[in-house]
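Novice: Dropping a structure here in structure tokens format, bear with me for questions.
The values are calculated or read from the model by the stated rules, or taken from the named source; none is laboratory data. All of these numbers come straight from a predicted model, not from anything done at the bench. Positions of Cβ are generated from backbone atoms using ideal geometry, with glycine treated the same way; all protein chains shown enter the neighbour counts. Keep in mind that these areas ignore ligands, DNA and RNA; they rest on the heavy atoms of the full protein, side chains included. Shrake-Rupley method; radii C 1.70, N 1.55, O 1.52, S 1.80 Å.
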Amino acid sequence: MLEALLVSSLEKVGLGQDPVPLGEENLNVFLGENMSFQIAYRDVNAGKGAGIKVDKRVQRVSDGIRQEAQSEDAPMVRIRQVLPVMCRRSCNPEAVDENYLFLDARMAPDLLRDVEGEVSLTDQWQSLWVDICPEEKQEPGRYRVSILLWDNEKRLTERVVEVCVIGRTLPPLPILHTEWFHCDGIVDYYGVEAFSEEFWRIFRNFVNVYVKRGGNMIYVPVLTPPLDTGVGLERTTVQLVRVELAAGKYDFDFSNLDRFLEICLSEGIRQFEICHLFSQWGAAAAPKVVAWEDGTCRKIFGWDTPSDSPEYLGFLEEMIPALKEFLAGKGLMDRTYFHISDEPNLTSVQYQTAQGAVRPLLEGCTIIEAVSEYEYFEKGLVDIPVCATDHIEPFLEKRPPVLWSYYCCAQEVEVPNRFISMPSWRNRIYGILLYWLKIDGFLHWGFNFYNSILSRKQINPYESVDADGGFPAGDPFLVYPGEGGIPEESIRIMVQDEGINDYRALYALESQLGREKVMELIRQEAGMELSFRHYPGNEAFILGLRRKVDQLLAEAL
């Protein structure tokens, strides 16, 4: 007999425990917002090859009367199957806490794939992911959404939620959010030439999802980014700026950069961060730079070029002013940020030399950097510090004018993160904490990193979600490279999007009640003062707070 349960989007179904039914079957969603839940299903008597067919039905509810809603009048309902992926390295085993779902290597739910025809049915719990997203011009009101399941014997099982579409949109995210976008992931996986027409088609598809899930700032590979690359190794060239070298003089063609920016702007990106000008962890070397000379393209700088090389610094003395002039001509200079070296070493003489060399060239620009010690900001080495959530306390105490936060593979104890092995509430809580702590932006290094650790080789992300065992599963990317150049999303990107929408809802309520009253509401629901290390460790707090915020916003209408 087919069993089917309504469960929260924060459940990870299929890890051995029975899913917890959704306590609230009346859900809220704002115009333009995406709201998700799941249908967990199984049949303990399912035979080999069993399957179910899935359909949906939407009715408008008015004065207790239900009427079929025409597709153009109803909120969009999308149904996807939650598929498991192999997590070889589920965590950093030397540093874990009690809030992990598993620590061993195993298959675990993550990939979301649109349902086409029949989906498999077994005696183990699986789930369907259901998104409801009303258009901004959608008629508000109550809708009855039915998910219909037919087994092989054509027996119908129906699960129903009532959705209140609230007649207002949430404000745009008022802080900046960037996930480092890796263009070589597109080039390598799809086998396309960088900046060919096919590349640009796929790139737009990825950027579309990037923006739809809350990205409003993007990493720009003016040069091939010197990120996560082992010494002496190279990543695929994705240098946007074409460099011509003749008689020791450089000429710069920004045509590819122009198209990159135009696609991003048309999809909704408004802020840009220029790639790092020196290698990671101390600025020891130049990034890979290629140039055309006498009709031949060759590498002119790389790991064998010290960062204090007069030749490379001379190159930057020509490129940076030309880049600034180009960006100014497009009216983007005040929306562009620059990087020098990711997580630099403060004692590195080369880093200090690099700083001294490029600072005058970047006069009037904003330098943003991932740093872990407040001394970087005190010494004026960075304008906007981006601090790891487990090292941010000194920054919060002394409070720079603008403060960002990030997490990655190393933030594994107490603080939020989005490893596949973690419960989803530990991902979604980040939005509330960003609001509570008044963080000005957040960054993550992996939107679509499809290489092994240190880019020793390219990987198939459907077969390796942990950079070939280098990082905790789920850390390197949020989207999978789907067929036809259309990315497939993960549970993690959808839950993170919910966290972003939580922030937007809190911000909307602040405009009506003031920040202090919103903070008090959070405090009452949590029963504590919050920090990146201390917050309620369950989904009930998040869902309960969001229901109250939604209610207050709806009442204000």
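Novice: Report in % the part of the accessible area of the chain that belongs to carbon and sulfur, leaving out ligands and nucleic acids; probe 1.4 Å.
Specialist: 48
Novice: Find out how many positive minus negative residues lie around Glu529, taking Lys and Arg as positive, Asp and Glu as negative, among other residues whose Cβ is under 12 Å from that of Glu529.
Specialist: Numbers: positive: Arg523, Arg533; negative: Glu520.
The answer is +1.
Novice: What does the extension gain come out to for Ser255 and Ser62, with contour length at 0.36 nm per residue minus their alpha carbon separation?
Specialist: 64.0 nm
Novice: Could you sort Tyr430, Tyr337 by accessible area so the largest value comes first, with the probe set to 1.4 Å?
Specialist: Greatest to least solvent exposure: Tyr337, Tyr430.
Novice: Please report the spacing between the Cα centers of the stretch 115-131 and the stretch 274-318 in Å, no decimals.
Specialist: 50
Novice: For the stretch 449-502, rounded, prolate or oblate, judged on the Cα gyration tensor with a ≥ b ≥ c (square roots of eigenvalues), a/c < 1.5 rounded, else prolate if a/b > b/c?
Specialist: Oblate.
Novice: In whole Å, what is the distance between the alpha-carbon centres of the stretch 519-541 and the stretch 175-207?
Specialist: 38
Novice: So, in nm, how far is label Asp114 from label Glu483 when the simple model puts each one 7 Å beyond its Cα toward the Cβ?
Specialist: In this crude spin-label approximation the distance works out to 1.1 nm.
Novice: Going 7 Å from the Cα of Glu24 in the Cα-to-Cβ direction, what parts of the stretch 157-174 have a backbone nitrogen less than 19 Å from that spot?
Specialist: 160-171
Novice: Any chance you could run the full-extension gain for Glu375 through Glu318? It's 0.36 nm times the residue separation minus the Cα-Cα distance, nm to one decimal.
Specialist: Taking 0.36 nm per residue and subtracting the Cα distance, the gain is 17.5 nm.
Novice: With point charges of +1 on the Cβ of Lys and Arg and -1 on the Cβ of Asp and Glu, referenced to the Cα centre of the chain, which listed residue (Ala526, Ser266, Cys164) lies farthest in the positive direction of the dipole?
Specialist: Cys164
Novice: Using Cα-Cα distances under 8 Å and only pairs 6 or more residues apart, what relative contact order does the stretch 1-134 have, in percent?
Specialist: 39
Novice: Here's something else I'd like to know. Counting other C-beta atoms within 10 Å, and keeping those with at most 11, which DSSP coil GluC sites (Glu not before Pro) do you find in the stretch 363-459?
Specialist: Details: sites: Glu363, Glu369, Glu373, Glu375, Glu378, Glu397, Glu412, Glu414; in loops: Glu363, Glu373, Glu412, Glu414.
Here the GluC sites (Glu not before Pro) that fit, given the DSSP loop and packing criteria, are Glu363.
Novice: Taking loop as defined by DSSP and a crowding limit of 12 other beta carbons within 10 Å, which trypsin sites (Lys or Arg not before Pro) in the stretch 39-96 fit? Can you show the working numbers first?
Specialist: On the way: sites: Arg42, Lys48, Lys53, Lys56, Arg57, Arg60, Arg66, Arg78, Arg80, Arg88, Arg89; in loops: Lys48, Arg88, Arg89.
Those that pass, being in a loop and sparsely packed, are Lys48.
Novice: Specify whether the C-alpha gyration tensor of the stretch 243-360 places it in the rounded, prolate or oblate class, a ≥ b ≥ c being the square roots of the eigenvalues: rounded for a/c under 1.5, otherwise prolate if a/b is larger than b/c and oblate if not.
Specialist: Values: a/c = 1.95, a/b = 1.18, b/c = 1.65.
Because a/c hits 1.5 or more and a/b fails to exceed b/c, the stretch 243-360 counts as oblate.
Novice: Specify the angular offset, from 0 to 90 degrees and rounded to the nearest 10, of the alpha carbon long axis of helix 310-329 from the longest principal axis of the alpha carbons in the chain.
Specialist: The angle comes out at about 50 degrees.
Novice: Which whole-number value in Å² is the accessible area per residue of the stretch 4-100, probe 1.4 Å?
Specialist: 50
Novice: Which entries in the list Lys154/Lys212; Lys324/Lys438; Lys379/Lys438; Lys12/Lys548; Lys48/Lys457; Lys324/Lys398 go over 28 Å, if you measure between the two C-alpha atoms of each?
Specialist: Listed pairs above 28 Å: Lys154/Lys212; Lys324/Lys438; Lys48/Lys457; Lys324/Lys398.
Novice: Considering the options Val402, Ile439, Ser372, tell which one lies farthest towards the positive end of the dipole of the chain, charges being +1 on Lys and Arg and -1 on Asp and Glu at the Cβ, about the Cα centre.
Specialist: Ile439
Novice: When the dipole is taken about the Cα centre of the stretch 73-171, and only Lys, Arg (+1) and Asp, Glu (-1) are charged at their Cβ, what size is it in debye, to the nearest 20?
Specialist: For this selection, approximately 120 debye.
Novice: Mind checking the stretch 233-327 for chymotrypsin sites (Phe, Trp or Tyr not before Pro) that DSSP puts in a loop (not H, G, I, E or B) and that have at most 15 other Cβ atoms within 10 Å? Don't skip to the end; give the middle numbers.
Specialist: Details: sites: Tyr250, Phe252, Phe254, Phe260, Phe272, Phe278, Trp281, Trp292, Phe301, Trp303, Tyr312, Phe315, Phe326; in loops: Phe254, Phe278, Trp281, Trp303.
Listed in order of number, the matching sites are Trp281.
Novice: Restricting to Cα pairs below 8 Å that are 6+ residues apart, what does the relative contact order work out to for the stretch 402-526? Please round to a whole percent. Write out the running numbers ahead of the final one.
Specialist: Numbers: 155 pairs, mean separation 31.5, N = 125.
Across the stretch 402-526, relative contact order equals 25 percent.
Novice: Against the longest principal axis of the chain, how steep is helix 425-436, in degrees 0 to 90 to the nearest 10, with axes from Cα atoms?
Specialist: Tilt of helix 425-436: around 70 degrees.
Novice: In terms of Cα to Cα distance under 14 Å, which aspartates and glutamates are near enough to Lys137, apart from those fewer than 8 places away along the same chain?
Specialist: Glu33, Glu72, Asp73
Novice: Something else now. Over the chain, what is the mean sequence separation of C-alpha contacts under 8 Å (at least six apart), divided by residue count, expressed as relative contact order in percent? All intermediate terms of the calculation are to be shown ahead of the outcome.
Specialist: Details: 1157 pairs, mean separation 90.6, N = 557.
For the chain, the relative contact order is 16 percent.
Novice: Simple spin-label model, 7 Å along Cα-to-Cβ: Met86 to Gln512 in nm?
Specialist: Placing both labels 7 Å along Cα→Cβ, they lie 5.0 nm apart.
Novice: Between Glu520 and Glu139, what FRET efficiency follows from the Cβ-Cβ distance if R0 is 51 Å, with the result rounded to 0.05?
Specialist: 0.90
Novice: Over the stretch 466-557, average the accessible area per residue using a 1.4 Å probe and give it in Å², no decimals. Don't skip to the end; give the middle numbers.
Specialist: Numbers: 3330 Å² over 92 residues.
Roughly 36 Å² per residue, with all protein chains present.
Novice: So, one more: For the chain, with only Lys/Arg (+1) and Asp/Glu (-1) charged at the beta-carbon, what is the dipole magnitude about the Cα centre, in debye rounded to 20?
Specialist: Values: 55 positive and 85 negative charges, 178 e Å.
Around 860 debye, computed over the chain.
Novice: So, one more: Given Cβ point charges of +1 (Lys, Arg) and -1 (Asp, Glu) and nothing else, what value in debye, to the nearest 20, does the dipole of the stretch 17-92 about its Cα centre take?
Specialist: Its charge dipole is roughly 600 debye.
Novice: If I model a spin label as a point 7 Å beyond the Cα along the Cα-Cβ vector, how far apart are those points for Val160 and Val413 in nm?
Specialist: 5.1
Novice: A further question on this structure: Please give the per residue accessible area of the stretch 240-285, computed with a probe of 1.4 Å over protein heavy atoms only, in Å².
Specialist: On the way: 1740 Å² over 46 residues.
Heavy-atom accessible area per residue stands at 38 Å².
Novice: Hey, how many Å between the Cα centroid of the stretch 1-63 and the Cα centroid of the stretch 375-407?
Specialist: The stretch 1-63 and the stretch 375-407 have Cα centres spaced 42 Å from each other.
Novice: Nearest 10 degrees is fine. How inclined is helix 349-358 to the longest principal axis of the chain, computing both from alpha carbons?
Specialist: Relative to the chain, helix 349-358 is tipped by roughly 90 degrees.
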